[in-house]
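The values are calculated or read from the model by the stated rules, or taken from the named source; none is laboratory data. Every value quoted in this text rests on a predicted model; they were computed, and no experiment measured them. Methodologically, a virtual Cβ is constructed for each residue, glycine included, from the backbone with ideal geometry; neighbour enumeration extends over all protein chains shown. Calculation scope for accessible area: heavy atoms of the full protein, side chains included, ligands and nucleic acids excluded. Shrake-Rupley method; radii C 1.70, N 1.55, O 1.52, S 1.80 Å.
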Amino acid sequence: QLQSKILILTICAAGIGGTFQYGYNISIINAPTSYIQAFMNETWLERTGVPLESNVILLLWSFTVSVYPLGGLAGAVVAGPMAIMLGRKMSLLLNNVFVIIAAVLSGFSRTAKSFEMIMLSRFFTGVNAGVSMNIQPMYLAESAPKKLRGAVALTSASFTALGLVLGQVVGLRELLGGEESWPFLLASNVVPALIQLTTLPWFPESPRYLLIDRGDEESCISALQKLRGNSDLSAELEEMLAEQAAVKGQRAKNPCDLFRNPALRWQVMSIVVLSSAMQLCGNDSMYFYAVYVFQEAGIPQDKIPYVVIGTGSCELITSVTCNMIIDYAGRKPLLLGGYIFMAGWATVFMVALSHQTQISWMPYLSMACIFAYILSFGIGPAGVTGVLPTEVFDQMSRPAAYMICGSLLWFNLFLVGTAFPFIVKSLAHFCYVPFLVVCVCTALYVGFFLPETKGKSFLEISEEFKKRNFKAQTHAVFYKGPEEIKSTML
């Protein structure tokens, strides 16, 4: 049970201008595709007197879409230094500047007759999403009590799914998805930014950041009192002071330090595998197939946008469900179950696609696979992946760990977005074979190598990984002569 309403309100204030924007900005670009492409052609015709060829329009559109993950990659890289220098809360607040710039650019793009403004706007929304995807889970996990840490950090995934669904709803033709209103649709992301700017300043900074990074025990106690209400803080403060003592004299690490440090080998490998799998598992590509499968199932063209909202709602429902059970079920079973189910549904989906035209009920099986795949992704990988870097790294390594996670997430999003059309072209109905391989390999890694972190303090988790890291080293010791061997104990 939550000790204080302040914690719930802090989660909402951080989420609405944080990971909500990631989901929202991914989905609002889909509705006005044809209108923006027509605007590009008209603008070029006015400037030069010559219309654009269809393949050039497609190239410009591809660039407009792919510049979003490139902005995200830039945001992920700057998020680490921002979190260290400015603090978690101030970084989230400052991050809204990128969205406000983006909203101004896209909102006035038609008036200025410049499609380049839309491209630049997408880059800035990407930067905003890159920063918030890294800092929001860090801020919330550091602010939450130990027994609720998983559920609180996982709200980041729930806000992403909520943004996805609301973006699909606002993008309907009856709302802002029409030909006249698309600049307002693209600029509507300024609303969550303004909500965060007016609400988040009232809530406390991360207590761990205040104590361990800033050394400000008084502000840390004040923040804890606001977040926990009247409950006893002595045990939690003692644990934080122990962590502060463990990292005393250390400076904040950068990603290169993490890769070079043998004491962090398994932690780094775990976040690299899981962050890469998050995008390479093919969940986002399911949305690519959704419209085609729904058409084959006989759903009228004008009703398809409403059914697509159902796919986004699936992800929202499962991420909220995952929120409720993560601190009971644990991280490992949710990840393992999610990837095993996704591997199963990917196999069924490919069989269904290959018999789509021969058997009358196959399109309905394909539809079921799309929903089941998205549900399996939402119940585990979607949320748990973002929680792990907070739990498996100490305070000095955490921002750098999120930089690695974020960079991989955005690079792989760009990679899948660019490569998937070519995969479909070359593998046809068996285009999910690469994603199936990723799901199976990730499930094997989680099953054999990832320890459970549920209900453990950050120091306990560090100790568990330390045993693994140095156990691996003891097997690799070679005889170098008696004078070099000081001790066999590690």
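Only sites in a loop by DSSP and with at most 13 other Cβ atoms within 10 Å count here; which GluC sites (Glu not before Pro) in segment 134-203 make the cut? Let's see the in-between values first.
Values: sites: E142, E174, E179, E180; in loops: E174, E179, E180.
Answer in residue order: E174, E179, E180.
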field: Which of F465, C12, S376, positive extreme of dipole for the chain (C-beta unit charges)
entry: F465
query: Across segment 256-481, how many lysine pairs, 8 or more apart or on two chains, come within less than 26 Å at their alpha-carbon atoms?
result: 14
task: First measure r as the distance between the Cβ atoms of T347 and M269, then evaluate 1/(1 + (r/R0)^6) with R0 = 22 Å and state the FRET efficiency to the nearest 0.05.
output: 0.20
message: At 1.4 Å probe size, with the rest of the protein present, what percent of the exposed accessible area of the chain is carbon and sulfur atoms?
response: 69 percent
task: Take the alpha-carbon positions of the chain, form their convex hull, and give its projected area averaged over all directions (one quarter of the hull surface) in nm².
output: 26.2 nm²
- request: Starting from the eigenvalues of the Cα gyration tensor, five times each then square-rooted, give me the equivalent ellipsoid semi-axes of segment 1-203, largest first, whole Å.
  value: 35, 16, 13
query: Given the rule -39500 (n - 2.57) for each run of at least 4 DSSP H residues, summed and divided by the residues of the chain, what is its mean residue ellipticity at 222 nm, to the nearest 500 deg cm²/dmol?
result: -25000 deg cm²/dmol
- request: Give me D for segment 256-481 in µm² s⁻¹, whole number, from Stokes-Einstein with Rh from the Kirkwood sum over alpha-carbon pairs, 4 °C and 1.567 mPa s.
  value: 68 µm²/s
field: Among 50-61, 111-122, 338-349, the order from most to least packed when residues are scored by Cβ within 10 Å on average
entry: 338-349, 111-122, 50-61
message: For K147, give me every one of the aspartates and glutamates with a C-alpha distance below 17 angstrom, ignoring sequence neighbours fewer than eight places off in its own chain.
response: D232, E236, E238, E239, D327, E391, E452, E460
task: Give me the number: length gained by fully extending I8 to E46, i.e. 0.36 nm times residue separation minus the C-alpha to C-alpha distance, one decimal in nm.
output: 8.5 nm
message: Compute, for the chain, the length of the dipole vector about the Cα centre, with Cβ point charges of +1 (Lys, Arg) and -1 (Asp, Glu) only. Units Debye, rounded to 20.
response: 700 debye
statement: The answer for the chain, counting only DSSP H helices whose Cα atoms cover 27 angstrom or more along the axis and whose Kyte-Doolittle average is 1.0 or greater, is 54-85, 88-107, 149-170, 304-329, 331-354, 398-427
